[in-house]
Each structure stands twice: as structure tokens, then as C-alpha cells.
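Structure first, commentary second.
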Amino acid sequence: MNKFLVCLLWLFLCSVSLGRDKKMPPSPIFLDATSVAIVNQTGILALSDKVYTVLMKWGRYRIIHDADEADLVFVISNKAEISGYKMKGSAVSAGGNLPSLPVPVLPGTPKISAGLGRASGSSKLLKETTTYVHIIDRTTDEIIWADSRRAKLKDKGKDSKVKQIIKELKKRVEKMAKRKNKAKRKNKKS
């Protein structure tokens with residue numbers, strides 16, 4: 001009976017501790033690393049600048065230029081895709097205006113006019129970009145963390161997707177560092 005209660009208590013404590021974290025902590029390598037390099041595969045300098053700024057504000061790592069000498073390498077890439085077209089069309093007749101209807105119009109379609117009425121339309125290209133950040137451990141050359149964010153063209157002016165990715169990593173690493181420090185203090189007291 002006693003073993004049953006101990007097992008039940010252990011299961012309860014495990015479920016409580018598991019329920020607390022809904023996100024997987026990153027590799028402990030993030031706590032041991034001291035230097036990082038940024039490799040930008042996009043050709044967009046602003047993305048490197050954003051990663052550099054966020055990492056400098058964080059202050060956890062020294063940023064170096066040589067990826068071979070760094071403990072971690074942040075690789076930035078992106079992919080742009082056409083997700084469709086937004087189309088508008090309208091028609092006017094001799095009897096007055098007709099309600100605006102969604103008319104499928106291809107890009108570059110000229111205005112159409114007839115003797116009794118006129119129709120026109122336009123289309124706008126809808127483009128989405130996905131930004132990726134892969135972090136490589138230079139001792140093993142393996143990807144130890146990766147994340148991506150998708151942005152629509154209308155997202156301009158909002159917080160950069162690459163910044164969001166690095167900020168998410170920062171939250172997870174800092175949480176892990178707090179736990180490690182708490183465990184060290186607890187062990188010293190014992």
C-alpha cells in the first residue's frame with residue numbers, strides 16, 4: 001500500500017512539473033557557448049543587422065566574424081512565394097452603376113468598354129516570405145535549433161520575423177539558465 005502511495009505521489013509531481021513547461025528547452029550547449037557568428041544567406045543586409053542588434057542587446061555571446069572559430073553559427077535564410085492574387089472588378093452600364101463584383105482579371109488586362117457600359121478590373125500580387133534561422137553547434141556541425149516565421153507583404157513595419165525568432169530563443173535559454181543556477185544553489189545548500 002505504501003509503494004502505491006509513493007508511486008501515485010511521484011506521478012502527480014511529474015505531471016505537475018511537466019505541465020509547467022509547454023515548450024521544449026534548447027540544448028544545454030547554449031549555456032556553455034561564448035561566441036557566435038552570423039551567416040546571412042539571404043543577401044538582405046538588414047536581416048543580419050537585426051540579428052546582430054538583438055544578440056548585442058542580449059549580451060550573452062561575443063559576436064565574431066569567423067564561423068569556424070565560433071561556438072555557435074546563426075544561419076539566416078528566407079524563401080519568397082507567391083500565394084495568389086487579390087482581384088477587384090467593377091462594371092458600369094447605361095442604366096447606372098452595377099454593384100462591384102469579384103471579377104477574375106489577369107494582371108495587365110486592359111479596361112473593357114462597350115457602347116452601353118464599361119467594365120474594369122485590377123489584380124494585386126500576394127507575396128509571402130518565410131524567414132528561417134538555423135543554429136549550428138561548431139563542435140559537431142549539427143543543427144541544434146531551428147525556427148521559422150512566415151510574413152505577408154502587409155506585415156511591413158511590424159517587429160521583424162528574424163527578431164521574433166531570436167527573442168524566442170533568448171526566452172528559452174534564459175529560462176534554462178535560471179533553472180540551472182537554481183539547481184546549483186540548491187546543491188550548495190545540501
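Output the residue which, of all residues in segment 37-55 that are among the small types (Gly, Ala, Ser) and touching a strand residue (DSSP E or B) at 6+ places or on another chain (Cβ under 8 Å), is surrounded by the fewest Cβ atoms within 10 Å (Cβ to Cβ).
Taking segment 37-55 and keeping what is among the small types (Gly, Ala, Ser), we get 37, 43, 46, 48.
Going one step further and asking which of them are touching a strand residue (DSSP E or B) at 6+ places or on another chain (Cβ under 8 Å), we end up with 37, 48.
Values: ALA37: 20, SER48: 17.
Among them, the one singled out is SER48.
In segment 26-50, which residue that is out of contact with any Ser or Thr (no Cβ under 9 Å at 6 or more places or on another chain) and assigned to a helix (DSSP H, G or I) is nearest to ASP141 (Cα to Cα)?
Across segment 26-50, the extreme among qualifying residues is PHE30.
Given the condition among the hydroxyl-bearing types (Ser, Thr, Tyr), at pLDDT 75 or above, under 24 Å from GLU168 (Cα atoms) and out of contact with any Phe, Trp or Tyr (no Cβ under 7 Å at 6 or more places or on another chain), answer yes or no: does some residue in segment 138-157 qualify? Even if it seems obvious, please write down each step before you answer.
If we filter segment 138-157 for residues that are among the hydroxyl-bearing types (Ser, Thr, Tyr), which is where we start, we get 139-140, 148.
Next cut, at pLDDT 75 or above only: 139-140, 148.
With under 24 Å from GLU168 (Cα atoms) added as a condition, the list becomes 139-140, 148.
Pick out the ones that are also out of contact with any Phe, Trp or Tyr (no Cβ under 7 Å at 6 or more places or on another chain) and you get 139-140.
For segment 138-157, residues among the hydroxyl-bearing types (Ser, Thr, Tyr), at pLDDT 75 or above, under 24 Å from GLU168 (Cα atoms) and out of contact with any Phe, Trp or Tyr (no Cβ under 7 Å at 6 or more places or on another chain): present.
Any residue in segment 159-187 that's assigned by TED's automatic domain parsing to the domain that holds PHE30: show its pairings with residues that are of a type in the set (Gly, Ala, Ser) at Cβ separation under 7 Å, as long as the two are six or more apart or on different chains.
Going by the 7 Å Cβ cut-off, the qualifying pairs are LYS161/ALA151.
The values are calculated or read from the model by the stated rules, or taken from the named source; none is laboratory data. For clarity, every value in this text was computed on a predicted model and none was experimentally measured. Cβ sites come from the backbone with ideal geometry, for glycine too, and all protein chains shown count toward neighbours.
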